[in-house]
Amino acid sequence: MRLLKTLIPGDIAAGLALTGKYFGKVFFSANRKKVRAHLKHFTQEYPEIPVRLAPRFRGRLTLLKDEQGEIKCVCCLACEKICPTQVITIEKGKMEGRKMPYPVRYDFEMERCIFCEFCVESCGFDSIILNHQFELAAYNREDFSLGMKGLGQNMFAPSPVGKYSVAED
Amino acid sequence: MPPMNLLQTIVMGLIQIVAVLIVVFIMVPLLTFAERKVIGYAQVRLGATRTASGTRGFTASLNRGMWAMGKVPVLSFFRGLPVFVADAVKLITKEDIIPAKADRAVFTLSPILSVVAAFGVFSAIAYYPGVMFYMPKSWPLIGGLPFNGAIADVNVGLLFILGLASVGVYGIVLGAWASNSKYPLLGGLRSAAQIVSYEVPLTLSLLPAVILAGTLNFKDMSVILSTGQGMSPLAVIPLFIGFFIYLTCGFAETNRVPFDLPEAETELVAGFHTEYSGMKFGFFYLAEYANMIVVSCLATAFFFGGYYLLPFGLQRIIPASVPFLGHPSFLFFMAKVSLLLFVFIWVRATLPRYRYDQLMDVGWKYLIPLSLVNLFIAAVIRYAF
């Protein structure tokens, strides 16, 4: 039996069939964008093709607005308190026609942020999220201080530096 | 055809040698590229897709244009191709280090020995039976002369090839010894044991082909074995078995996975070429890939149908009156060689390395008896049917 098994290399054939199957799969799909999307375990050609990220990827902190275009944040300071590196600074204010407090300032020091998502978890009003941006490098230290009225990048829009990264859908 | 004088013979010989060398020197780097790509694809990766920056240069702008149009650029497949030029340039320009305690003469000699043995074999291989084409009449000195399918039509071609190919092991063993270091020495010893023991089934697996064809001439053997003239239809059996035995031994002879014990990275740093660098290492590298091409050429010629379409002597199904498929062609030969080279890489992507005792088991306990049985079957078929 063992002799027969050695003489007829079925295991080797099975292994070759497996690698051959994957070779064919990749060979016939490697240069076609449509097929490629279905292949899960596949090298991502990152700078050229936008990279696929997990839905729960933790990127840069972003403030959200509701349907009327008003800031959802109500200045409960939960995020500011829970932040381990204390990168969030909020200044409370009042606005005409709005019951809840309104953030006059919402500052975010990205250089110290550790992207732990505690702020988002602590937020009771779903007013902040971490977006899917990860290409956040900049040349100047000032570029990491985000506020509500920044010119280059602010707390609402995705940062302009990530040329290839996906804006969240 | 007028008889050629000495000068014409020499010039034609040189032209053929240069032609074969150019083909081999193109095929070897392409093989390294193919190796990256095929292994990558088999492991569900992409392999090499880019050479340098992805945002600068002509090809990059072309690529970005195609990305912008929503298409995957054609170049993304071939962008890894310039890597082989980079490989060659790196090997040539790298500093050539000889260890202080090494035996300088032998250390230098062994890569040369290795590469000469690998390339010398190409002289006896016939790439086409008979004359490939005639030189144009208008050319001086060589006008109208035939360009043969083989550099030298040796009438004991197979013997010559086997003899020269087995010299290659001296390059490895001597290089390992001259390095004066323990890992190369162990690699060299392993290599010697492995190649010497696999030389036996390799030759024995080729003997059925010799018996069935009744000649040792490379070209004649190939033509007889593939067209099956004067052979019994049963001859398919020994040829089929012999093909697999030969291929297995070929893997061992060229030190390829799963028999790459001489350069087992996990145990011996890099095996016999640990101390080699620069172009000397490049020669070993070149010799390994040239040996792969040689093994593929032999397997193609004797078992896989040679210059004809169908393998194992099945060509008799197609009559010679069929326009393209019934005739020998250089293209068929090259296609089959490429297929076998792909199999080499495919196996490397699949199988792990054998243990040393398993290697010897496979060689002595299975392959040699099997090839002897195969030889017996071939002899019975030759004389009884």
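Greater than 20 Å separation of Cα atoms is the criterion. Which listed pairs, B:K101/B:K182; A:K81/A:K149; A:K92/A:K149, meet it? Can you show the working numbers first?
Details: B:K101/B:K182 12 Å; A:K81/A:K149 23 Å; A:K92/A:K149 16 Å.
Too far apart for the 20 Å limit: A:K81/A:K149.
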- Cross-link partners among aspartates and glutamates for A:K72, C-alpha distance below 12 Å, same-chain residues fewer than 8 apart left out? A:D126
- Cα to Cα, under 14 Å, and not fewer than 8 places away if on the same chain: which aspartates and glutamates meet these conditions relative to A:K94? A:E70
- For chain B, calculate the relative contact order in percent as a whole number, restricting contacts to Cα pairs under 8 Å that are 6 or more residues apart. 20
- With -39,500 (n - 2.57) per DSSP H segment of 4 or more residues and division by the full residue count of chain B, the 222 nm estimate, nearest 500 deg cm²/dmol, is -19500 deg cm²/dmol
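Which order do B:V347, B:V294 fall in if you start with the one that has the fewest other Cβ atoms within 10 Å?
Values: B:V347 19, B:V294 27.
Fewest-to-most ranking of B:V347, B:V294: B:V347, B:V294.
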- FRET efficiency, 1/(1 + (r/R0)^6) with R0 30 Å, evaluated for A:A14 and B:L339 via beta carbons: 0.90
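Within a 10 angstrom radius of the beta carbon, how do B:L46, B:L162 rank from fewest other beta carbons to most? Could you put the intermediate results ahead of the total?
Working: B:L46 21, B:L162 16.
Result, fewest neighbours first: B:L162, B:L46.
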- Put a dot 7 Å past each Cα toward the Cβ at B:S277 and A:K21; how far apart are the dots in nm? 4.5
- Any cysteines in the protein assembly as shown with zero other Cys Cβ atoms under 4.7 Å from their Cβ? List them, or say none. A:C73, A:C75, A:C76, A:C83, A:C113, A:C116, A:C123, B:C249, B:C297
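For a footprinting-style exposure proxy, rank A:E117, B:E95 by other Cβ within 10 Å, fewest first.
Numbers: A:E117 15, B:E95 6.
Going from sparsest to densest Cβ surroundings: B:E95, A:E117.
By the gyration tensor of its Cα atoms, with a ≥ b ≥ c the square roots of the eigenvalues, what is the shape of segment B:250-385: rounded for a/c under 1.5, prolate for a/b over b/c, or oblate? Please report the intermediate quantities before stating the final value.
Values: a/c = 3.07, a/b = 1.53, b/c = 2.00.
Taking the square roots of the gyration eigenvalues as a ≥ b ≥ c, segment B:250-385 is oblate.
Using R₀ = 22 Å, calculate the FRET efficiency as 1/(1 + (r/R₀)^6) where r is the Cβ-Cβ separation of B:E95 and B:Y170; round to 0.05.
Values: r = 26 Å, r/R0 = 1.20.
The formula returns an efficiency of 0.25 here.
No value in this document is a laboratory result; all are computed from the given coordinates. All values reported here derive from a predicted model rather than from experimental measurement. Here Cβ is always computed from backbone atoms with ideal geometry, including for glycine, and neighbour counts include all displayed protein chains.
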